[in-house]
1. Taking Y62 as meeting all but one of (1) farther than 19 Å from V39 by Cα; (2) under 18 Å from the mean Cα position of the chain (by Cα); (3) not β-branched (V, I, T), write down the number of the exception.
2. Within the range 49-64, track down each residue that is open to solvent by less than 40 Å² (accessible area, probe 1.4 Å) and assigned to a loop (DSSP other than H, G, I, E, B).
3. What single numbered condition from (1) modelled with pLDDT of 90 or more; (2) more than 18 Å from the chain's Cα centre (by Cα) fails to hold for S141?
Amino acid sequence: MRNWLYFLFLTLGILLSGDLLAQKQDEDSLKNIKDDIQVDVKSVRTIANGDTLSIELFLISYQMDPREFKLNTFATQVLDSEGHRHLITRMKMGRVLVQLADRQNYLHYLLEEDMPVSLTMQVGDWKGKKASKVILVFEDSTEEGRFITQEVDL
């Protein structure tokens, strides 16, 4: 009888913990949606002997029509664990490449509905710090000239 009761509580505990984990994942994905764009983190790694931080995100648009995505390249930054902001030296979205040296204010990209697009960002002179967030600044799809700030935990 005791073994059966123990097995019942163990099974119940596993089922409930799995349900809570699924709810947590749903909450995390909803947290990363602003202006009908979902942002998911694919990878965060250091390259070139730890001197360059590379972050790869996936952006998915949920708007019915194709939309122009206008990312502010200077306001979009990486936050380290000490709270310092770092400019992104190189960003690539699809086939569009913008480098800090180009002094280009915006990255323009046409997002299609439900088509994930990779956004790769690199920060030079990283030197072993831990990245905590990416701060994305992009134009609101409903009001031209209004920008939205979205923080993405890494």
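1. (1)
2. The one that is open to solvent by less than 40 Å² (accessible area, probe 1.4 Å) and assigned to a loop (DSSP other than H, G, I, E, B): G50.
3. Looking at each condition in turn, S141 falls short on (1).
The values are calculated or read from the model by the stated rules, or taken from the named source; none is laboratory data. The shown structure was predicted, so the numbers you read here are calculated from the model rather than taken from an experiment. For accessibility, only protein heavy atoms count, side chains too; no ligands or nucleic acids. Shrake-Rupley method; radii C 1.70, N 1.55, O 1.52, S 1.80 Å.
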